Amino acid sequence: MESGGKRRRTDAVLSNGNDKIDPSLLEALEKSQSSVEALDLRTVKKLVLSFERRLKENIEARLKYPDQPEKFADTEVDLHEELEKLKVLAGGPELYPDVVNLNVIPSILGLLSHDNTDIAIDVVHLLQDLTDEDVLEDNDEPARVLVDALIENNVLELLVQNIQRLSDADSDPDEMAAVYNTLATIENLIEVKPSVAELVCERTKLLRWLLGKIKVREFDSNKQYASEILAILLQNSTANQKRLGQMNGVDVLLQAVAMYKSKDPKTSDEEEMLENLFDSLCCVLMPLENKERFVKAEGVELMIIIMKQKKSAYASAIRALDFAMTKYPPACERFVDVLGLKTAFAAFMGKIPVNKKNKKERYQEELEERLVSLIASLFGGILRGSRRERLLSKFVENECEKIDRLMELYMR
């Protein structure tokens, strides 16, 4: 982006003394800029050829002097520069099919497992640029051609193998940025080709890596992004939901949200992460076997504690309970056994904690819908016995106020 000073200098050069821009000068400037930025097949071929040459030199130098880094260091600097130059390809996504036909994709992706992590990081940044949603917008067909070629050449496996060797600590900002860009690239690939969401979980250990990341107590931007990618992978895929359940994912998600049972997130980013974690939890509670895991891991009890603490996760806990109890009687029974009725009916009667975030009318309405759904699940899941009597008696106490409230919601 130009600084104001630079723009003013340009305007001064273009004006002819009486504050009017000289059109011939303007035309000349535009021409000179377009000659720099023109990206055509010839330029692409030149870039690719130059990159392949530097890559060959680097491979040969490493083979010749495996134990003398100083002998191949220069070829690595050259390779780094070539990868930087390839970023201009993002300026012409319509040429992606030509890039694929030049068969350079395998060479680029091969560098994700380069011994020098800096080179692998260069490739991650390049892939993120090439697949950026702003770049691919209105270029559906070229985008698909590129993404298909990347997947055929094992981009998913190579990206995930690489992310596992990167440090994610604040102490290494370059590697931390590469982790973020790896997740961004995976999200971009899913955007173009939704089936990637299941492919990446089938073929790689990404789910396990994401679970490891959300287990970490300290909050950072990569933990937030990991929670977002997890929610994306789970939202429309029963296979991924089941897969996560089998790798103890329900337990890990419960531990991650338990950190907020008696405290609020400190920033809006951390708040967003907590919502992503609850989105993931609700998705993972769709398959029956995961509802069972949730009950076993005392998820019902944890959600009731969160409700009682009345912190910002209050509404999310109600939503998670609603998902757990839908068409699953054991969760309903546990809910009654651990005295959840009192907490749920207090909320049903409108005793909802109010803070800046949830003063909005829509928030209250969504919460009411969730509570009605939860109570309906209780009636569907508890058909007889003393639990049923306890549920019914709630509607009789205090001069049938719950029935009045039910009618009020029904009329509205």
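Here V48 meets each of (1) exposed (fewer than 14 other Cβ atoms within 10 Å of the Cβ); (2) modelled with pLDDT of 95 or more with one exception, condition (1).
Pick from E141, E137: which is open to solvent by 30 Å² or more (accessible area, probe 1.4 Å), more than 22 Å from the chain's Cα centre (by Cα) and of a type outside the set (V, I, T)? Step by step, each of E141, E137 is checked, and only E141 is open to solvent by 30 Å² or more (accessible area, probe 1.4 Å), more than 22 Å from the chain's Cα centre (by Cα) and of a type outside the set (V, I, T).
Cβ-Cβ distances below 6 Å connect the following pairs, each with a first residue in region 374-393 that is under 13 Å from P330 (Cα atoms) and in contact (Cβ under 8 Å) with a residue 40 or more places away in the chain, a second residue that is among the β-branched types (V, I, T) and surrounded by 10 or more Cβ atoms within 10 Å (Cβ to Cβ), and a separation of six or more residues or different chains: S377/T326; R387/V336. Open to solvent by 30 Å² or more (accessible area, probe 1.4 Å), of a type in the set (G, A, S) and either under 16 Å from H125 (Cα atoms) or in contact with a helix residue (DSSP H, G or I) (Cβ under 7 Å, 6 or more places away or on another chain) (or both), is that true of S167? Spelling it out, S167 is indeed open to solvent by 30 Å² or more (accessible area, probe 1.4 Å), of a type in the set (G, A, S) and either under 16 Å from H125 (Cα atoms) or in contact with a helix residue (DSSP H, G or I) (Cβ under 7 Å, 6 or more places away or on another chain) (or both).
Residue-by-condition table, conditions (1) over 26 Å from K266 (Cβ atoms); (2) over 32 Å from the mean Cα position of the chain (by Cα):
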| site | (1), (2) |
| --- | --- |
| K296 | yes, no |
| M307 | no, no |
| Y314 | no, no |
| A320 | no, no |
| K327 | yes, no |
| A331 | yes, no |
| G340 | yes, yes |
| F345 | yes, yes |
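Taken residue by residue, region 62-81 has at least one member that is more than 23 Å from L158 (Cα to Cα), without any contact (Cβ under 8 Å) to a residue 12 or more places away in the chain, of a type in the set (S, T, Y) and touching a Lys or Arg at 6+ places or on another chain (Cβ under 6 Å).
Consider region 337-367 and keep the residues that are surrounded by 18 or more Cβ atoms within 10 Å (Cβ to Cβ) and of a type outside the set (F, W, Y). The one that is modelled with the lowest pLDDT is I352. Scanning region 283-298 for residues that are open to solvent by less than 10 Å² (accessible area, probe 1.4 Å), under 22 Å from K223 (Cα atoms) and in contact with a Leu (Cβ under 9 Å, 6 or more places away or on another chain) yields a count of 1. Please enumerate the residues belonging to region 86-112 that are open to solvent by 70 Å² or more (accessible area, probe 1.4 Å) and under 17 Å from E57 (Cα atoms). Matches in region 86-112: none. Go through region 164-211 residue by residue and tally those that are without any contact (Cβ under 8 Å) to a residue 40 or more places away in the chain, outside any helix (DSSP H, G or I) and of a type outside the set (A, V, I, L, M). Going through region 164-211 one residue at a time, the tally reaches 4.
The residues in region 254-284 that are in a helix (DSSP H, G or I), out of contact with any Phe, Trp or Tyr (no Cβ under 7 Å at 6 or more places or on another chain) and within 19 Å of Q309 (Cα to Cα) can be counted, and the count is 8.
The values are calculated or read from the model by the stated rules, or taken from the named source; none is laboratory data. Owing to the predicted nature of the structure, the values given are computational and were not obtained by experimental measurement. Please note: Cβ atoms are built from the backbone with ideal geometry, for glycine as well, and neighbour counts cover all protein chains shown. Ligands, DNA and RNA are excluded from the accessible area calculation, which covers all protein heavy atoms including side chains. Shrake-Rupley method; radii C 1.70, N 1.55, O 1.52, S 1.80 Å.
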